[in-house]
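Undergrad: Mind having a look at this structure? Questions to follow.
The values are calculated or read from the model by the stated rules, or taken from the named source; none is laboratory data. Please read all numbers here as calculations on a predicted model, not as lab measurements. Cβ coordinates were reconstructed from backbone atoms using ideal geometry, including for glycine residues, and neighbour counts include every protein chain displayed. With ligands, DNA and RNA removed, areas are computed over all heavy atoms of the protein, side chains included. Shrake-Rupley method; radii C 1.70, N 1.55, O 1.52, S 1.80 Å.
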Amino acid sequence: MITIKGLKKVYPAKHQDVLAVDNLNLEVSKGEIFGVIGYSGAGKSTFIRLLNRLEDPTEGQIYIDGKEISAMGKQQLRKSRQEIGMIFQHFNLLWSRTVRDNIAFPLEIAGISKGKRRARVDELIELVGLKGREDAYPSQLSGGQKQRVGIARALANNPKVLLCDEATSALDPDTTDAILRLLVDINEKLGLTIILITHEMHVIRKICHRVAVMESGRVAEQGDVLDVFLHPQQQVTKRFVEQVMGDKDQEESLHLLENYQNGKVARLHFVGETTNQALISQVSKQFDVAVNILQGKITQTQKGAYGTLFVHMEGSDEEIARAIAFIKTTSVEVEVDADAE
Amino acid sequence: MLSELFPNVKMEDIWTAIGETFYMTLISLAGTIVLGILLGLLLFLTAKGGLWQNKILNFLAAGLVNIFRAIPFIILILLLFPFTDFLIGTIRGPKAALPALIIGSAPFYARLVEIGLKEVDKGVVEAAKAMGAKTHTIIFKVLIPESMPALVSGITVTAIALIGYTAVAGVIGAGGLGDFAYFYGFQRHDFDVVFVCTVLIVIIVFIFQFIGDYIANKLDKR
Ligand SMILES: Nc1ncnc2c1ncn2[C@@H]1O[C@H](COP(=O)(O)OP(=O)(O)O)[C@@H](O)[C@H]1O
Ligand SMILES: [Mg+2]
């Protein structure tokens, strides 16, 4: 759906030019929610603005749906932009227009007749859950509602791609979740390809299928969200994963065993689990062992639960061994730390 | 009672003068708005980072604005005599004051327009670009509506300055309340006439200010 080859953007400056995006190569498939994460100044905004040519690339090619955006003339570019929706951190709504007229704006640009505009706007208002607020002005809306208007506006001309630049960064956590759910909903309902930029790992975790980690204008690492969570390679990525999961090494350094005279401490790794979420209760029912959860963190991603649990199992050695053997038959990985003797 | 207080004030002449002041103010205001918005847009669009970024055009527009703003109004009237004579066919009367009034205040309003346009959220312009808007769509559907309260406040300020200019133009025979105060009041030493004209001008200014503020407030949905 989107192919990016050798993309580069240099901002000329007096003393030293700023290399905002450096030799970036990416491939985004149709219907995918692709996340780009990085710290402030990593070049994320520049990257996403290159995609619809709000910035002109210094070098490289961008193809969206088979068309080379980077080679287009002005007029062709305007047409293509109508098929690329974009939403912004600060919403960028026209304060002088009502919700309805804000959403109608891209339709006016596309030259849609008044009657059709009205019908389409009604559909969109329904889709983003803003019924009853049609005639409000942006200043009368909450942040979440403003972003809903932004999303409705971005979807007005049935785009194939939706670009989101820090779309939830100005919102509180609950509103962020609601907006993210709406994006997933749209992605599933309309089969829309979404490119989403953020500096928050939990946003990636909640809705993205694949992720690229950006650092100093380059992609440091990319892959399936789960893989990146499980096996972060680069230092930046590890730090982002810690944002969500906490620091692994610190957990391991805890002396979990000291308090237990008998039984075994085991570490259970949930890796994209969807089927074994009731594992603990299953084990304690089927085997004569008591399972105490000591600590851990499980988090939900688009591809299921992911995380680690430390449990302490009490019971006879044989029974514990059988229980562990059972766990090994599931897709949950288990490591037995040590005997607590 | 009034005729005792102001023995030299003839109401019908005053009405004529008020009519002339309104005529000059409103017609020149219309001309100023059109010319000022065009010039203001030109200043804004050709500036660095603007939609029509163009150093030379911006330099010329800014130069024109600065020069005409630097010329004192009374001198501008004198300077424009030949032009006015050519255009209107006379240099006397309310009509003859119009070219000087418009040329004198349009650059001033242009600067106010430019300031108003600069305050439009860049993100909104960017959003319109991202939707595939043409430049004229951005001008007429984003820049102008989004800066409307500032444009209207600017019109109010300009209109009030124009009322002042019409009084100055009156001294060289343009008609209106300024003319009336000078020729029938000052020169004949009938200071009651000067006083009445002053009060009327102040009232007219207040009316413009009130209407302008009301409209600007109504328009502002921020
Ligand atoms: N218009 C611009 N002119 C000059 N430098 C810019 C411009 N936009 C961004 N930059 C620089 O490019 C780098 C990347 O910025 P940006 O893409 O905004 O990063 P991010 O969105 O990841 O925070 C920064 O060093 C920034 O200062
Ligand atoms: Mg950014």
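Undergrad: Keeping the other protein chains in place, figure out the carbon and sulfur percent of the accessible area of the stretch A:136-203, with a 1.4 Å probe. Walk me through the numbers before you get to the answer.
TA: Details: 990 of 2230 Å².
Heavy-atom surface of the stretch A:136-203 belonging to carbon and sulfur, 1.4 Å probe: 44 percent.
Undergrad: Then there's this: Between A:Gln89, A:Gln145, A:Gln235, find the one with the highest GNM mean-square fluctuation for chain A; connect C-alpha pairs within less than 10 Å.
TA: A:Gln235
Undergrad: How much net charge surrounds B:Thr16 when only the other residues with a Cβ under 12 Å from the Cβ of B:Thr16 are counted, with Lys and Arg +1 and Asp and Glu -1? Intermediate results must be reported in sequence, preceding the final value.
TA: Details: positive: B:Lys10; negative: B:Glu12, B:Asp13, B:Glu20, B:Asp179.
With Lys, Arg at +1 and Asp, Glu at -1, the neighbours total -3.
Undergrad: Sticking with this structure for a sec: What do you get for the angle between helix B:11-46 and the principal long axis of chain B? Use alpha-carbon atoms, 0 to 90 degrees, nearest ten.
TA: The answer is roughly 20 degrees.
Undergrad: Counting only other chains, and only Cβ atoms inside 10 Å, what mean value do you get across the residues of A:94-107? Walk me through the numbers before you get to the answer.
TA: Details: counts 10, 9, 14, 5, 1, 0, 0, 2, 1, 0, 0, 7, 6, 1.
Per-residue shielding by partner chains comes out at 4.
Undergrad: Let me ask another. Total accessible area buried between chains B and A, 1.4 Å probe, in Å² to the nearest 100? Intermediate results must be reported in sequence, preceding the final value.
TA: Numbers: alone 12540 and 16610 Å², together 27190 Å².
Buried: approximately 2000 Å² between A and B.
Undergrad: Just the number please: accessible area per residue for chain B, 1.4 Å probe, all protein chains included, in Å². The partial results should precede the final answer.
TA: Values: 11540 Å² over 222 residues.
For chain B, the per-residue accessible area is 52 Å².
Undergrad: How much length is gained on full extension from A:Gln286 to A:Tyr39, taking 0.36 nm per residue of separation minus their Cα-Cα distance? Write out the running numbers ahead of the final one.
TA: On the way: separation 247, 0.36 × 247 = 88.92 nm, distance 4.72 nm.
Net length gain for the segment: 84.2 nm.
Undergrad: Can you give me the angle between helix A:114-127 and the longest principal axis of chain A, using Cα atoms only, in degrees from 0 to 90, rounded to the nearest 10?
TA: Once rounded, one gets 10 degrees.
Undergrad: Considering only C-alpha atoms, what is the centroid distance from the stretch A:118-183 to the stretch A:46-113, in Å?
TA: Result: 17 Å between the Cα centres.
Undergrad: Pop out a list of residues from the stretch B:130-173 that are at least 30 Å² less accessible with all the protein chains around than in their chain alone; 1.4 Å probe, no ligands or nucleic acids counted.
TA: Checking the loss per residue gives B:Ala130, B:Met131, B:Gly132, B:Lys134, B:Lys141, B:Glu146.
Undergrad: May I ask you to list the residues of the stretch A:211-242 whose amide nitrogen lies under 12 Å from a point 7 Å from Cα along the Cα→beta-carbon direction of A:Asn23?
TA: A:218-219
Undergrad: Starting from the Cα of B:Thr198, step 7 Å along the direction of its Cβ; do the same at B:Phe86; then give the gap between the two resulting points in nm.
TA: Result for the modelled spin labels: 4.1 nm.
Undergrad: Given A:Lys74/B:Lys141; A:Lys8/A:Lys189; A:Lys74/B:Lys48, which pairs have Cα atoms separated by over 25 Å?
TA: Details: A:Lys74/B:Lys141 20 Å; A:Lys8/A:Lys189 34 Å; A:Lys74/B:Lys48 20 Å.
Beyond 25 Å: A:Lys8/A:Lys189.
Undergrad: Follow-up question, since we're still on this one. Please give the peptides A:297-310, B:73-86, B:164-177 ranked by average Cβ packing (other Cβ atoms within 10 Å per residue), highest first, as a rough proxy for protection.
TA: Values: A:297-310: 17.6, B:73-86: 15.1, B:164-177: 22.6.
The densest-packed peptide leads the list: B:164-177, A:297-310, B:73-86.
Undergrad: Percent of accessible area on chain B owned by carbon and sulfur, 1.4 Å probe? Write down the numbers at each step before the final one.
TA: Details: 8100 of 11540 Å².
The C+S portion of the solvent-accessible surface of chain B is 70 percent.
Undergrad: Express the accessible area of chain A per residue in Å², computed with a 1.4 Å probe while the remaining protein chains stay in the model. Can you show the working numbers first?
TA: Values: 15650 Å² over 341 residues.
Accessible surface, normalised per residue, equals 46 Å².
Undergrad: Using the Cβ atoms and a cut-off under 11 Å, what net charge is assigned to the surroundings of A:Leu94, where Lys and Arg are +1 and Asp and Glu are -1? Mind showing how you got there, number by number?
TA: Values: positive: A:Arg97, A:Arg153, B:Lys141, B:Lys221, B:Arg222; negative: A:Asp101, B:Asp121, B:Glu146.
With Lys, Arg at +1 and Asp, Glu at -1, the net is +2.
Undergrad: Give, ordered by residue number, each residue of the stretch A:53-67 whose 1.4 Å probe accessible area is reduced by a minimum of 30 Å² on adding the remaining protein chains to the chain alone.
TA: Those are A:Leu54, which lose 30 Å² or more relative to the chain on its own.
Undergrad: Quick check: the angle from helix A:235-245's long axis to the longest principal axis of chain A, C-alpha only, nearest 10 degrees?
TA: That helix lies at roughly 70 degrees to the long axis.
Undergrad: Separate question: Can you give the FRET efficiency to the nearest 0.05 for B:Thr16 and A:Lys116, using r as the Cβ-Cβ distance and R₀ = 51 Å? Provide the component values of the computation, followed by the final result.
TA: Working: r = 56 Å, r/R0 = 1.09.
Approximately 0.40, to the nearest 0.05.
Undergrad: Taking a ≥ b ≥ c as the square roots of the eigenvalues of the Cα gyration tensor of the stretch B:127-222, is the shape rounded (a/c under 1.5), prolate (a/b larger than b/c) or oblate? All intermediate terms of the calculation are to be shown ahead of the outcome.
TA: On the way: a/c = 7.64, a/b = 2.90, b/c = 2.64.
Taking the square roots of the gyration eigenvalues as a ≥ b ≥ c, the stretch B:127-222 is prolate.
Undergrad: I need two numbers for the stretch B:12-153: Rg to one decimal and Dmax as a whole number, Cα atoms only, in Å.
TA: 17.9, 60
Undergrad: Now for a separate question. Treat each spin label as a single point 7 Å out from the Cα along the C-beta direction, and report the B:Leu5 to A:Leu294 distance in nm.
TA: That separation, rounded to one decimal, is 9.7 nm.
Undergrad: Does chain A classify as rounded, prolate or oblate by the C-alpha gyration tensor (a ≥ b ≥ c root eigenvalues; a/c under 1.5 gives rounded; else a/b over b/c gives prolate, otherwise oblate)?
TA: Numbers: a/c = 2.75, a/b = 1.87, b/c = 1.47.
Note, shape of chain A comes out prolate.
Undergrad: Same structure, new question: Looking at the stretch B:188-222, which residues lose a minimum of 40 Å² of accessible area between their chain alone and all protein chains in place, measuring with a 1.4 Å probe and not counting ligands or nucleic acids?
TA: Those are B:Lys221, B:Arg222, which lose 40 Å² or more relative to the chain on its own.
Undergrad: What is the distance in Å between the Cα centroid of the stretch B:77-152 and that of the stretch B:154-206?
TA: Using only Cα atoms to place each centre, the spacing works out to 25 Å.
Undergrad: Return, for the Cα atoms of the stretch A:187-241, the radius of gyration and Dmax in Å, separated by a comma.
TA: Expressed in Å, the Cα Rg and Dmax of the stretch A:187-241 come to 11.6, 36.
Undergrad: Let me ask another. How many partner chain Cβ atoms sit within 10 Å of a residue's Cβ in peptide A:129-140, on average, as a whole number? Intermediate values should be presented prior to the final figure.
TA: Details: counts 0, 0, 0, 0, 0, 0, 0, 1, 2, 2, 3, 1.
Average neighbour count from other chains, rounded to a whole number: 1.
Undergrad: If you count, for every residue in B:121-127, the Cβ atoms of partner chains within 10 Å of its Cβ, what is the mean? It would help to have the intermediate numbers written out before the result.
TA: Values: counts 6, 1, 6, 8, 1, 5, 15.
Mean shielding count: 6.
Undergrad: Same structure, new question: Report the net charge of residues surrounding A:Val10, where surrounding means a beta-carbon distance below 13 angstrom and charges are Lys +1, Arg +1, Asp -1, Glu -1. Mind dumping the intermediate values first?
TA: Numbers: positive: A:Lys8, A:Lys9; negative: A:Asp17, A:Asp22, A:Glu55, A:Asp56, A:Glu59.
Result for the local shell: -3.
Undergrad: To continue, here is another question. With an 8 Å Cα cut-off and a minimum separation of 6 or more residues, compute the relative contact order for chain B in percent. Working shown, then result.
TA: Working: 267 pairs, mean separation 58.9, N = 222.
Over chain B, the number comes to 27 percent.
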